[in-house]
There are 2 protein chains.
Amino acid sequence: MEIQAEDMHEALRKAGLRITLARRVICRILADADEEHLTAAEILDRANNVAGGVDQSTVYRTLEALAELNYVQHVHIGHGAGFFHLRGDHAHHHLVCEVCGTAINVPYEDLEPAFASLRDKYGFMPDSTHFAILGHCQDCRETEETKSSVANDLL
Amino acid sequence: MEIQAEDMHEALRKAGLRITLARRVICRILADADEEHLTAAEILDRANNVAGGVDQSTVYRTLEALAELNYVQHVHIGHGAGFFHLRGDHAHHHLVCEVCGTAINVPYEDLEPAFASLRDKYGFMPDSTHFAILGHCQDCRETEETKSSVANDLL
DNA sequence: ATCCGTGCAAATACTTTGCATTTAC
DNA sequence: GTAAATGCAAAGTATTTGCACGGAT
C-alpha cells in the first residue's frame, strides 16, 4: 500500500505541527512521485507550479519535518544534490551508474538473500528502505568497451 | 598488495603530469590511510602538517587527477563532506551504520553471489572497489530496543 | 623554455538559519 | 491569542574555477 498525502497530514497533526498550503502541496508531490528520485530543487519547482511563492527554505523545512516523522529520507547518491523520497514499505533499492548517473530500481526480493546473510553474519540490519550500489550500467560498459577497442586500433 | 605512493607517482608521470611536493605528500597520505575514509579537509590538514602552505584547491585538483587515473574514488556516504580513498583490489566493502557511523568491513566473497546476480539480471557491474550499505549496526539496534522498552515503561 | 601546478580569492552549488510577518489552531 | 510556519535574505559547507606567478621537466 502506498503512502498517501493524508497519512503525512495526520502524522504532522499528531506531532503538533500545522497543515499549511505549502505542506499540503509538498506531501502531494512526494506521494505522487512514488519511486521517483526528487531533488529539493525539483520539489520546489513542482510546488511553485501548483501554488506560487513557495520558498526553498520552506521546502527544506517541510522535508526535514517529514524526515523527523520517518516519512521522508534524504539520501546522497554520488555527487551533487541529494534526493528526497518517501520511506515506503515496498522497499526497493538502486543500482546507480557512476558514469551516467542512471539509477536502476531493484526489487527487495533480489537482494533479500544477501541482506539475510549480512544480518546473520554481522548482526547488521541493512536499511531496507534505501540502499544504493555504485557501479557501471550496461550502456556505459558497452561504451567503455567501444572506446578501448578504438584506442587499441590507434596504437 | 597495497597501493604504494610510488605507483601513483608513476601513473602521474605516465600521464604527462608532474610530481610536485604537494602531490608527493598527498599520495603518501592516501597510501598510509589505507582503508580509512578521509575527507578533503582531513587530507588538507595532514598535508599541511607535513608541508605547510598547501591549499585546498591543490588537494582537490590532485585528488581529481588521481581519480582520473583510477587510483582514487570520491564517494558520498550520507550528508556532509565526501570521502576520498584509494581504489584497492576489490578486497572488501563497508556496512555503514546510519546511527553511529561505524563501518564494518565485509570480505568480497560474502557479497559476490549478490553481485553476480545483479550482473546477470540487470547487466549492471557493481563497483567492486567500493561499496557501502547503509543500515543499523548491532550495538545501535540493541540501544534502540532498550530505548523503546524504556519509553514503553513510561507510558 | 615550455607548460603544468600552485596559492589566492572569488564563484558555485546545496542546504541551513535569523528575523519580521503571517497564519493555523 | 499563541505558537508555528513562511518568505526573504544572508550565512554556512563542500567543491570548483580564474588568474598570475612559480616550478618541474
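The values are calculated or read from the model by the stated rules, or taken from the named source; none is laboratory data. No experiment lies behind these values; they were computed from the predicted model shown. Don't worry about glycine lacking a Cβ; one is built from the backbone with ideal geometry, like all the others, and counts go over all protein chains shown.
Please specify each residue of segment B:6-22 satisfying the condition of being free of Cβ contacts under 8 Å to residues at least 40 places away in the same chain and among the charged types (D, E, K, R).
Start the filter on segment B:6-22 by keeping residues that are free of Cβ contacts under 8 Å to residues at least 40 places away in the same chain, which leaves B:6, B:9-10, B:13-14, B:16, B:18-21.
Within segment B:6-22, B:6, B:10, B:13, B:14, B:18 qualify.
Within segment B:40-74, can you find the residues that are within 14 Å of chain A (Cβ to nearest Cβ), polar (S, T, N, Q) and either under 13 Å from the mean Cα position of the chain (by Cα) or within 14 Å of DNA strand C (Cβ to nearest atom) (or both)?
B:73
Would you point out which residue out of B:37, B:79, B:74, B:92 is modelled with pLDDT under 90, buried (at least 16 other Cβ atoms within 10 Å of the Cβ) and near DNA strand D (Cβ under 9 Å from one of its atoms)?
Sole residue among the options that is modelled with pLDDT under 90, buried (at least 16 other Cβ atoms within 10 Å of the Cβ) and near DNA strand D (Cβ under 9 Å from one of its atoms): B:74.
Applying the selection to segment A:23-51, what residues are free of Cβ contacts under 8 Å to residues at least 60 places away in the same chain and touching a Gly at 6+ places or on another chain (Cβ under 9 Å)?
If the condition is that a residue be free of Cβ contacts under 8 Å to residues at least 60 places away in the same chain and touching a Gly at 6+ places or on another chain (Cβ under 9 Å), then A:34, A:39, A:40 are the ones that fit.
Let me confirm something: among A:23, A:61, which residue is farther than 17 Å from residue A:83 by Cβ, crowded, with 19+ Cβ neighbours inside 10 Å and at pLDDT 95 or above? Please lay out each step first, then the result.
Values: A:61 fails: crowded, with 19+ Cβ neighbours inside 10 Å.
On inspection, the qualifying residue turns out to be A:23.
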